[in-house]
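A.B. asks: Pasting a structure below so you can have a look.
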Amino acid sequence: MASLVIGDNEYQVPSDLSLDKWLELNKWTSNPIKFVSIGMDMPVVEAAKIPEETLALAAALLVAIMNPDWTPLKTKLWSHPLISFPDLTLGQFIDLETYVSDYNKQMPNMVKVLYDIEDLDDVKLGDVYPSIKSYLAWRTSLYKQFARLFNIDDETGEVIEDNKATKSVGHIWMDITMTLANNDFTKMDYVLGQPIISALNWLAWNKDKQREEMARIKKQKLQSKQR
């Protein structure tokens with residue numbers, strides 16, 4: 001394990017991080033001295049003594065530890081299995097979308113949903129990082145699968161500019177939920193408990209139906225003008 005000796009003190013580069021430490025490090029990525037101080041549990045005054053090149057190397061090592069791509073995916077945290085992503089409910093998916101939109105602050109909450117676990121005190125980043133990355137990859141493929149529904153460009157993978165929403169993530173998904181509930185607030189709990197795939201399939205079908213209706217009306221208007 002790499003370490004730094006400053007005066008009479010030796011500071012270790014950690015092999016893994018708690019989720020709280022990961023959150024704290026994300027706050028200081030633009031401040032190398034503070035970043036290394038937090039990551040290696042050393043006083044800021046000690047970190048300030050580190051030569052610039054050595055400081056950059058220590059920071060680079062910590063960045064690698066924050067993104068442990070080499071760790072294997074864990075399908076279970078103790079008695080808590082990793083959920084099968086297609087089995088997510090609409091409500092769980094909405095929670096995850098809210099957390100993804102503020103990933104650097106909310107990643108631990110994603111873990112709580114994906115493993116149905118509350119106590120994260122003993123959970124290390126290496127335990128859950130692969131499952132988070134796996135979920136994000138599945139999420140990307142899901143959006144591509146429903147590209148027409150979300151107005152996503154097939155080539156760029158971006159939302160088409162003219163259709164970009166200015167609403168918050170929560171507001172967007174509230175609109176979607178109320179559409180599924182036929183604007184009946186009392187049906188929200190039922191709708192939120194439905195599988196995300198089923199919900200998106202219905203939304204895609206309904207949107208295609210609306211497009212067909214709009215095309216039919218447009219055609220009728222055009223024919224009327226030509227008479």
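The values are calculated or read from the model by the stated rules, or taken from the named source; none is laboratory data. Bear in mind that the values here come from a model prediction, so they are computed numbers and not experimental data. Because the Cβ atoms are built from the backbone with ideal geometry, glycine has one as well, and the counts that use them run over all protein chains shown.
A.B. asks: Can you run down the residue pairs with Cβ atoms below 9 Å, 6 or more apart or on separate chains, where the first is in the stretch 12-30 and surrounded by fewer than 14 Cβ atoms within 10 Å (Cβ to Cβ) and the partner is part of a loop (DSSP other than H, G, I, E, B)?
C.D. replies: Hits for this filter: GLN12/MET1; GLN12/ALA2; GLN12/MET40; GLN12/ASP41; SER15/MET1; ASP20/LEU120; ASP20/ASP121.
A.B. asks: Something else: Counting only residues that are over 24 Å from the mean Cα position of the chain (by Cα) and at pLDDT 95 or above, give me the helices (runs of 4 or more DSSP H) lying completely in the stretch 14-69 with at least 2 of them.
C.D. replies: 32-39, 44-47, 52-66
A.B. asks: Six or more apart or on different chains, Cβ atoms under 7 Å: show the pairs whose first residue is in the stretch 191-216 and assigned by TED's automatic domain parsing to the domain that holds SER84 and whose second is hydrophobic (A, V, I, L, M, F, W, C) and outside any helix (DSSP H, G or I).
C.D. replies: Listed pairs, sorted by first residue: VAL191/ALA181; ILE196/LEU88; LEU200/PHE146; LEU200/LEU149; LEU203/LEU149; ALA204/PHE146; ALA204/LEU149; LYS207/LEU149.
A.B. asks: How many residues does the stretch 57-70 hold that are surrounded by 13 or more Cβ atoms within 10 Å (Cβ to Cβ) and small (Gly, Ala, Ser)?
C.D. replies: Result for the stretch 57-70: 2.
A.B. asks: Moving on. Which members of the stretch 176-220 meet the condition of being outside any loop (DSSP other than H, G, I, E, B), of a type in the set (S, T, N, Q) and surrounded by 11 or more Cβ atoms within 10 Å (Cβ to Cβ)? Before you say what the answer is, go through the steps one by one.
C.D. replies: Filtering the stretch 176-220 down to residues outside any loop (DSSP other than H, G, I, E, B) leaves 176-180, 185-192, 195-220.
Going one step further and asking which of them are of a type in the set (S, T, N, Q), we end up with 177, 179, 186, 198, 201, 206, 210, 220.
Answer for the stretch 176-220, where residues must be outside any loop (DSSP other than H, G, I, E, B), of a type in the set (S, T, N, Q) and surrounded by 11 or more Cβ atoms within 10 Å (Cβ to Cβ): THR177, THR179, SER198, ASN201, ASN206.
A.B. asks: Considering only the stretch 83-110, state which residues are without any contact (Cβ under 8 Å) to a residue 24 or more places away in the chain and farther than 17 Å from SER141 by Cβ.
C.D. replies: Our first condition is that a residue be without any contact (Cβ under 8 Å) to a residue 24 or more places away in the chain; within the stretch 83-110, this holds for 84, 95, 99, 102-103, 106, 109.
Result: ASP95, TYR99, ASP102, TYR103, GLN106, ASN109.
A.B. asks: So, one more: Would you point out the residue of the stretch 123-152, among those that are hydrophobic (A, V, I, L, M, F, W, C) and touching a Ser or Thr at 6+ places or on another chain (Cβ under 8 Å), that is surrounded by the most Cβ atoms within 10 Å (Cβ to Cβ)?
C.D. replies: Filtering the stretch 123-152 down to residues hydrophobic (A, V, I, L, M, F, W, C) leaves 123, 125, 128, 132, 136-138, 142, 146-147, 149-150, 152.
Now restrict to residues that are touching a Ser or Thr at 6+ places or on another chain (Cβ under 8 Å): 123, 125.
Working: VAL123: 21, LEU125: 23.
Restricting to residues being hydrophobic (A, V, I, L, M, F, W, C) and touching a Ser or Thr at 6+ places or on another chain (Cβ under 8 Å), the top hit is LEU125.
A.B. asks: Would you check if LYS105 is within 19 Å of the chain's Cα centre (by Cα), in a helix (DSSP H, G or I) and under 30 Å from GLY193 (Cα atoms)?
C.D. replies: yes
A.B. asks: Also, quick follow-up: Can you tell me which condition THR177 does not meet? The list is (1) polar (S, T, N, Q); (2) under 21 Å from the mean Cα position of the chain (by Cα); (3) at pLDDT below 95, and all the others hold.
C.D. replies: (3)
A.B. asks: Considering only residues that are loosely packed, with under 14 Cβ neighbours inside 10 Å and within 8 Å of the chain's Cα centre (by Cα), look in the stretch 77-102 and name the one that is farthest from ASP20 (Cα to Cα).
C.D. replies: SER101
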